[in-house]
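K.L.:
The structure's right below; bear with me while I get my questions together.
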Amino acid sequence: MPKSSRDLFSPDVFDLKSFISPYMMIIPPTIFALLIWWTNQSFGFVFTHTIAELISIIIALTALIVTVVSRHFTKNYFVVFIAIAIGWCGFIDLFHTLLYKGMQILPVDSANQATQLWVGARLLQALAMLAAPFMLTRAIKPIPLNLFFGLVSVGIVMAVMLGFFPTAFVDGQGLTPFKIYSEYLIIAVLAMAQILVWRRREYLSAQLTFGVSLSMLTMMASEFAFTQYVSVYADANLLGHILKVYSYWFIYLALVESTIKEPFSMLSKAASTYDTIPDPTYIVNSDQTIQQVNLAAARLHGIAAAQLTGRSVHELVHDPRVKAEDCLVCSRLQQTPQEFLIQLNLPDQKTVECHLAPFAERLGKKTVWVMVVHDITDRQFLLQDVQKRVKEVRCLNQINQLCNHTHLDMTELLPKVMQTIPSGFSSPERVHLQIDSDWGVFGTVPPTQTPCLQSIFANDTQQFGTLSVWYDPAQDATAFLDEEQSLIDHITSQITDVYIRLQSQGRVARLTYLYQLLSETNRVIVHSQNQQQLLTELQQVLLKLGSFAKILIALKVDDQADSPLVIQFHHNISANILPTLQTALQQDQNTPLNHLKNTSPEVDVYTYALVNDPDESVSPEYRIWIHYLKQEQICQAALTPLLFQGHFCGLVALYTTGQVEFDEEQIQLLKSLSRDISFALERFSAEQQLQSAETYSEQMEQRFQQVFLQSPVPMQIISIQDERILAVNLAYEKWLGYSLADFQNREAWLKKVAPDAEQRQVMQQNWKDALQLAKDGEQVQFPEITFLAKDGSPRIAQRTLAVVGNDVIVAWNDVTVIRKTEQELRDSEQRFRGMVEQTVVGMYVLRDNQYLYVNPSYAEMLGRSTTELTGHNILEFTDPTTDTLALIHQAEDKAQPAEHFSMPSIVPFRHRNGQIREFSLHSRHITWDDGLPAEIVMAQDITEQKQAQDQIARQLEQLEATMYGTLQAVSIMVELRDPYTAGHERRVGLIASAIAKEMGWDEKRCLQMEEIGLVHDIGKISIPSEILTKPSRLTHLEMEMMKGHAQAGYEILKDVPFNIPIAEIIGQHHERMDGTGYPKGLKGDEIHPEARILTVADVIESMASHRPYRAALGGEVALAEILRGRGTIYDTEVCDAAVRLIKEKGYVLPS
C-alpha cells in the first residue's frame, strides 16, 4: 500500500546533507572578521565595535524573522525558541551599542552601563540555550514567548538605566568581580546547554545539532575573552566581538537551514514524486473542493488534471446515491484533522478504499487533505469467495493459535475453544456445545433425542472426555456437513495433543525444579554450619526456584517422640489459615501425617490428589485445611518426611495446581532430598553434641583449675610415673608455707615435712598401699599423721587420694585445730559441769519429756533430789491439766537453735509439799553427749514475783477506772454549762473509738480515743454560757470567742500528767489538714493522728445531732461533708474508715 500524503512530507523521506557547507561556515564570518579588524585599524575601536554589534544584531533579527514566519511549516519549536531569544538579545545589544563609551549618542560618560547590558544580554541568551532542548517535545506559542522575552529584555534595560543592576566596570580599574564571575557563569550555563543538546540529538537534524553546538562553543570562547580586558578598547574586547560574530553566524546557518532550506527541499522532492503515485490522488479542502490531482486521477476520469480542479470530490469519486453530509468520508473532513482509512461500496458492485491524511498544519493554511483512492473490487470478490471456502480452516487456525499459547492451562483453554468452534459451522449462531472431561464440564447438557456430533479426547492409553455439538432444536433442523465431523475430530485431537504436551512440560518442569532443588539443597548443606542457617538458606532456594504453588516445612521442636511439629517456613499460604494448619499438624488421626510419622527408615513419600472430600475420620482442622487447598485450586500434593536417626522429625510439603501426578522418578528425587536434609540434620546434631561436649570439657577443665586453685582444702597433684609434684593450690601454700618451687618430687617433700626417717618409711609404705587401692577404683583415706610446716609448727592432717589418668590428686584435711578444740572442749566441759552444778539457776536437759540431766538448784526448787528426777517424765511433777500440757508444748515449740534461748514460758510445777510453783522456762536445742538432739532448759521460780505482778495489775485497773470516771465527771460538768449539747462529748468519744478500731488501732489506743472524746470540749468551761446556749447563729466576735475553747482546753490539761499527749490532741481537734483550722493553723503531719480522728468524729456527731440554732442534719449529710473535705481539710485515711464503718458495716451513731 503506498504511503499516505502525510508520509510524503516526513523529513526522513529525503536524503539531507549531514553537515552545513564548510564554505558558508567559514568564508562569510571570516570576511566580517577582516572587516572588523580593518575598521579597527582605520577608524578606531568605537566604530569597529558598532560594526561588529550591528552585524550580530542584523543576523539575530534576520534569524528571528525567518524562523517565526516559517514556523507553521517547520513545526520546529526548538528553533523558534532560540530565534526569539537571540532576537530579543539583539534588542539589548542595540542599547549596548548606543550606550558604548565614546558613542556620545546618549548622555553617558562611563563604560559601566554598556558592560551591564552586555552581561544581561549574554546571560539571557545562555539561559535560553539551556531551556531550548526542553522545547523539542513541547508546542509553544510565539506571541506569549515574545511577550516574555520582551518583558525580560526591557526589564534588563530599565534596571541598567535606573542603576539597579550590579556594577560591571569601573573606569580606570577595569572589570569588577561581578562582571568576571558572570562571564564564567555564562560559560558554565552554555556548557550545560551543550550537554543537553548532545543528549537530545536524536530529535535534531545533523546540521542543526552541529550549528548550534559550534555557536555555543564560539560563544564560550568569546565570553572567556571578555574576562581578560581592563580597558573597553583592549584587544581582548576586539577578539571577543569577532568570536561573537562567528557564534551568531553559526546559529544563523543552523536556523536558516532548519527553517528554509530543508522544508523547501522537501517540498521540491514531494512535488516531483506526486505524479508517480499509481493510485488516483486528490488534494481537497474541507468543503470537498479539489485543489490538485495527480496523473493517475486524470487518467481515471479521462479529463485533464487542470479541469478537475475546483470540482466536488464527492460527485466524482464517492457514492452519488449518498448526500455529501451523510458520506462517511466527506462528513469527517469537517472534523478534527486526523488520518483515517474508509472503505466505500459504489454502484455496479464496485468497492474503493479512501485513505485521507491532513497536511495543512505544515502549510499554515486552512485544513487541506490528501486523499488516495484505491480500487479493491477484485480483492473483495476474491475475499468473499475465499471466506466461504476457508471457514473451517480459519476456525482450526484460531484453535491452533490458542493451543500454541503455552501460558494457558486446560481450564483456561477449553472455554476459549468453545467460543471459537461455532465459527467453523455453517450456522454458527445456532450451534451449542458441551465438553465433559477430566478437566471439568463446560457448556450445557445436550437434549435427548437431538442429533449431535461427538468426538472423544483420547490418546493411545487413556480417554479424557467427550466433545458434543448440536443445533438448537427449537429452530428448523439443519443437517451437519461431513467436513464438520472432521472439524471436531481434528479439534479434539489438537486439544489432546495440548494436554499431553502440558503434561510433558509439567513433568519436565517439575523434574527440572526437583533436580535444581536437590542440587541447591546439597550446596546449602555443604555450606551451612547449623540447622538455622540450613533452614534460612533452604527457604531462599525454594523462593528463588518457585515452581510449586505452595510450600511448607515443619520440624519438631526437639528429638522427643511426642514433641510437637512447628511450622518453620511457608510460601504463598494465607496467614489466616496458619493457626488451623498448626493445630492439624499435631493430630495423628489425619491420614497423611499418620502415614509420615509411621514411615520406614527408607523414607516413604506420600503423594495424593485433592479430588474427593476427606473421610469422616479426619479432624475438623484438617478438613478446613483441605477445603482451603481446593479453594486455591491445588490438585496434587507430595509430603516428604524428614528423619533424624531413623525417626520422623519433620516434613516438606509441596503443593501444585497442575493435574500431572508425581511419578516414580519425581518421588525418588524427593526421597533423595529427604535423605540429604535428614543427613544434614543428623550432622548438625552430631556437631552440636561434639561442640557441647568440647565446651563442657573446657568448662570442666576451667572449673577444675578454679576449684583446685581456689579450694579451701589443701591439695597437690603428683605424677604416678616419676612421683613429681605437678601442682599445689593456694590453700596448700597457705597451710604448710611451701610452694611448688620448694621441692621437685615427693621424696624431697617427705624429707622436709617428716625429718624422722622412721616416720618417712611408714608414710611411704602407706602411700604405696593406698596407690594400689586407688588404681583399683577405690577412694583411699590415710590415717591421721603429724608432720611439720615450713615454719616448724606441727600439723595434724588426714589425706584422701584419687587417681585421675596418670596423676594422683591428694587432698589434705587439716584436723590440727579440731583436735586442739576437742581437747579444749573436754576441759571446758569439766569446767561447765562444775559451774552448772553450783549455779543458783535451775537447769535441766530434756528429751521426749524425759529428764536427761538436772542440776542441784532445779532439784531443790522442786524439793527433790537429782536422782528422783533424772530419767523421769516431766509430767509427773506438774499439774497434768490440759492447760499445763499446752504450756509445756508451747515451751518446747519456742525452743531456739543452739545460739539463742527462747522467749520465757510460764509453767506451773508441783513441789514435794504439794504447793504449785510458777516456773519461768527458757529453752534451746542442743546436741547432748550421746550425739542426739535434746533441749536444755533454764528454770526460775517466779511464784512470789507473779503474785506481786497480779496485785499491781489489779491496782492499775482500779486507777484506769478512776481516771475514766474522772473524765466522765469533767464531761458532765461541761454539759451542765451547755445542756443543749448534752452527751456530745461522750458520743464523739464513742465515734472516734469506732473509727480508730476500723483503722486497725489496738484496743487500748481505741479506749484512749474514747477517753479523749469525753473531755475534748473541756475548754468550753471558759466560754460564757450565754454564747453556748444562744439559740441563733453566733456573731463574728462570738464565733472568735467560741474558737478559743480549743486553746483553753489545752491550757487546762497541759500540766496534767497523762501517758499520751491529751492536751495537744484536744488543742488540735479543730485544726484542718490544709492549714485552714484553728487555733494554730497546723497542717498535714503537724497534727496528731488522734486529733485527725477526733476532728472527723466531732464533725459527724455535730451535724447528725440537734443544735440550739438548727435541727439535726442527719448522718447522710454528715458523710457528704466528710467526703467533700476528704484529702483537703480531713485526713484521707480517717475519712475512708468513717465512710466504710457507716456505709459498708452499718455502724449506728450513738444516741
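K.L.:
Do we have any residue at all in segment 217-230 that's touching a Ser or Thr at 6+ places or on another chain (Cβ under 6 Å), closer than 27 Å to GLN113 by Cβ and in contact (Cβ under 8 Å) with a residue 40 or more places away in the chain?
P.N.:
yes
K.L.:
Condition test on SER215, is it in the same structural domain as PHE45 (by TED's automatic domain parsing), assigned to a helix (DSSP H, G or I) and at pLDDT 80 or above?
P.N.:
In short, yes.
K.L.:
Same structure again: Might you check whether a residue that is among the aromatic types (Phe, Trp, Tyr), at pLDDT 80 or above and at negative phi occurs anywhere in segment 632-649?
P.N.:
Scanning segment 632-649, I find no residue that is among the aromatic types (Phe, Trp, Tyr), at pLDDT 80 or above and at negative phi, so the answer is no.
K.L.:
Would you check if there is a residue in segment 23-39 being closer than 19 Å to LEU255 by Cβ, touching an Asp or Glu at 6+ places or on another chain (Cβ under 7 Å) and among the hydroxyl-bearing types (Ser, Thr, Tyr)?
P.N.:
Scanning segment 23-39 turns up no residue that is closer than 19 Å to LEU255 by Cβ, touching an Asp or Glu at 6+ places or on another chain (Cβ under 7 Å) and among the hydroxyl-bearing types (Ser, Thr, Tyr).
K.L.:
Residue pairs, Cβ under 6 Å, 6 or more apart or interchain, first in segment 552-574 and in the same structural domain as LEU596 (by TED's automatic domain parsing), second of a type in the set (Phe, Trp, Tyr) and in a loop (DSSP other than H, G, I, E, B). List them.
P.N.:
Sorted first by the residue in segment 552-574, then by its partner, the list stays empty.
K.L.:
Taking GLU1003, is it free of Cβ contacts under 8 Å to residues at least 60 places away in the same chain and under 21 Å from VAL1099 (Cβ atoms)?
P.N.:
Against the criterion (free of Cβ contacts under 8 Å to residues at least 60 places away in the same chain and under 21 Å from VAL1099 (Cβ atoms)), GLU1003 does not qualify.
K.L.:
Every residue in segment 1105-1119 that is exposed (fewer than 13 other Cβ atoms within 10 Å of the Cβ), farther than 17 Å from LYS1143 by Cα and either at pLDDT 80 or above or charged (D, E, K, R) (or both), please.
P.N.:
ARG1110
K.L.:
What tally of residues in segment 582-607 results from selecting those that are more than 19 Å from GLN568 (Cβ to Cβ) and at pLDDT 80 or above?
P.N.:
1
K.L.:
For segment 47-63, how many residues are among the hydroxyl-bearing types (Ser, Thr, Tyr), surrounded by 23 or more Cβ atoms within 10 Å (Cβ to Cβ) and over 15 Å from PHE250 (Cβ atoms)?
P.N.:
Of the residues in that region, 1 qualify.
K.L.:
Sticking with this one: Between a residue in segment 161-178 that is under 16 Å from LYS101 (Cβ atoms) and any residue that is assigned to a loop (DSSP other than H, G, I, E, B) and among the aliphatic types (A, V, I, L, M), which pairs come within a Cβ distance under 8 Å, given they are 6 or more apart or on different chains?
P.N.:
Every condition considered, the pairs that remain are PHE169/ALA111; PHE169/VAL232; ASP171/ALA111; GLN173/VAL230; GLY174/VAL230; LEU175/ALA168; LEU175/VAL230; THR176/ALA168.
K.L.:
Let me ask something additional. If I go through segment 1049-1068 residue by residue, how many of them are buried (at least 16 other Cβ atoms within 10 Å of the Cβ) and at pLDDT below 85?
P.N.:
3
K.L.:
Can you name the residue in segment 729-779 that is polar (S, T, N, Q) and closer than 25 Å to ARG703 by Cβ and, of all such residues, is modelled with the lowest pLDDT?
P.N.:
Per the stated criteria, the residue is GLN779.
K.L.:
A further question follows. Among the numbered criteria (1) part of a loop (DSSP other than H, G, I, E, B); (2) closer than 20 Å to ALA996 by Cα; (3) free of Cβ contacts under 8 Å to residues at least 12 places away in the same chain, which single criterion is violated by ASP1136?
P.N.:
Every listed condition holds for ASP1136 apart from (1).
K.L.:
May I ask you to list the residues in segment 142-160 that are in contact with a helix residue (DSSP H, G or I) (Cβ under 7 Å, 6 or more places away or on another chain) and either without any contact (Cβ under 8 Å) to a residue 12 or more places away in the chain or polar (S, T, N, Q) (or both)?
P.N.:
ASN146, SER153
K.L.:
Here is a follow-up. Restricting to segment 403-440, name every residue that is part of a helix (DSSP H, G or I), in contact with a strand residue (DSSP E or B) (Cβ under 7 Å, 6 or more places away or on another chain) and more than 24 Å from LEU481 (Cβ to Cβ).
P.N.:
THR411, PRO415
Listed here are the residues, each with its yes/no results for (1) in a loop (DSSP other than H, G, I, E, B); (2) at pLDDT 80 or above.
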residue	(1), (2)
ARG917	no, yes
LEU921	no, yes
ASP929	yes, no
GLU935	no, yes
GLN940	no, yes
ALA948	no, no
GLN951	no, no
GLN958	no, no
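K.L.:
So, one more: Condition (residue is among the hydroxyl-bearing types (Ser, Thr, Tyr), part of a loop (DSSP other than H, G, I, E, B), at pLDDT below 85 and surrounded by fewer than 17 Cβ atoms within 10 Å (Cβ to Cβ)) applied to segment 336-350: is it met by at least one residue?
P.N.:
yes
K.L.:
Is segment 678-694 home to any residue that is among the polar types (S, T, N, Q), touching a strand residue (DSSP E or B) at 6+ places or on another chain (Cβ under 9 Å) and either modelled with pLDDT under 75 or in a helix (DSSP H, G or I) (or both)?
P.N.:
There is at least one residue in segment 678-694 that is among the polar types (S, T, N, Q), touching a strand residue (DSSP E or B) at 6+ places or on another chain (Cβ under 9 Å) and either modelled with pLDDT under 75 or in a helix (DSSP H, G or I) (or both).
K.L.:
GLN228 fails exactly one of the following numbered conditions: (1) out of contact with any His (no Cβ under 9 Å at 6 or more places or on another chain); (2) at pLDDT 85 or above; (3) part of a loop (DSSP other than H, G, I, E, B). What is the number of that condition?
P.N.:
The one condition GLN228 does not meet is (2).
K.L.:
Take the residues in segment 371-399 that are surrounded by fewer than 14 Cβ atoms within 10 Å (Cβ to Cβ) and polar (S, T, N, Q); name whichever of them is modelled with the lowest pLDDT.
P.N.:
Looking at residues that are surrounded by fewer than 14 Cβ atoms within 10 Å (Cβ to Cβ) and polar (S, T, N, Q), I get GLN387.
K.L.:
A further question follows. Which of the residues spanning segment 711-738 are surrounded by fewer than 19 Cβ atoms within 10 Å (Cβ to Cβ) and under 14 Å from VAL803 (Cβ atoms)?
P.N.:
Once the filter is applied, which keeps residues that are surrounded by fewer than 19 Cβ atoms within 10 Å (Cβ to Cβ) and under 14 Å from VAL803 (Cβ atoms), segment 711-738 yields ILE717, SER719, ILE720, GLN721, GLU723, LEU726.
K.L.:
Further question on the same structure: Name the residues in segment 774-785 that are surrounded by 14 or more Cβ atoms within 10 Å (Cβ to Cβ) and farther than 15 Å from GLU723 by Cβ, would you?
P.N.:
Those that are surrounded by 14 or more Cβ atoms within 10 Å (Cβ to Cβ) and farther than 15 Å from GLU723 by Cβ: VAL780, PHE782, ILE785.
K.L.:
If you take the residues in segment 1120-1133 that are of a type in the set (D, E, K, R) and not in a loop (DSSP other than H, G, I, E, B), which one is surrounded by the fewest Cβ atoms within 10 Å (Cβ to Cβ)?
P.N.:
Among those residues, the one meeting the criterion is ARG1124.
K.L.:
Further question on the same structure: For residues in segment 100-156 being β-branched (Val, Ile, Thr) and at pLDDT 80 or above, which is surrounded by the most Cβ atoms within 10 Å (Cβ to Cβ)?
P.N.:
Filtering first and then ranking leaves THR115.
K.L.:
Which count do you get for residues in segment 352-367 that are touching a Phe, Trp or Tyr at 6+ places or on another chain (Cβ under 9 Å) and modelled with pLDDT of 85 or more?
P.N.:
The number of residues fulfilling the criteria is 5.
K.L.:
Can you pull out every residue in segment 755-813 that is in a loop (DSSP other than H, G, I, E, B) and among the small types (Gly, Ala, Ser)?
P.N.:
Passing the criteria: GLY777, ALA789, GLY792, SER793, GLY805.
The values are calculated or read from the model by the stated rules, or taken from the named source; none is laboratory data. Quantities reported herein were computed from a predicted structural model and do not represent experimental measurements. Every residue, glycine as well, gets a Cβ built from its backbone with ideal geometry; the counts of neighbours run over all protein chains shown.
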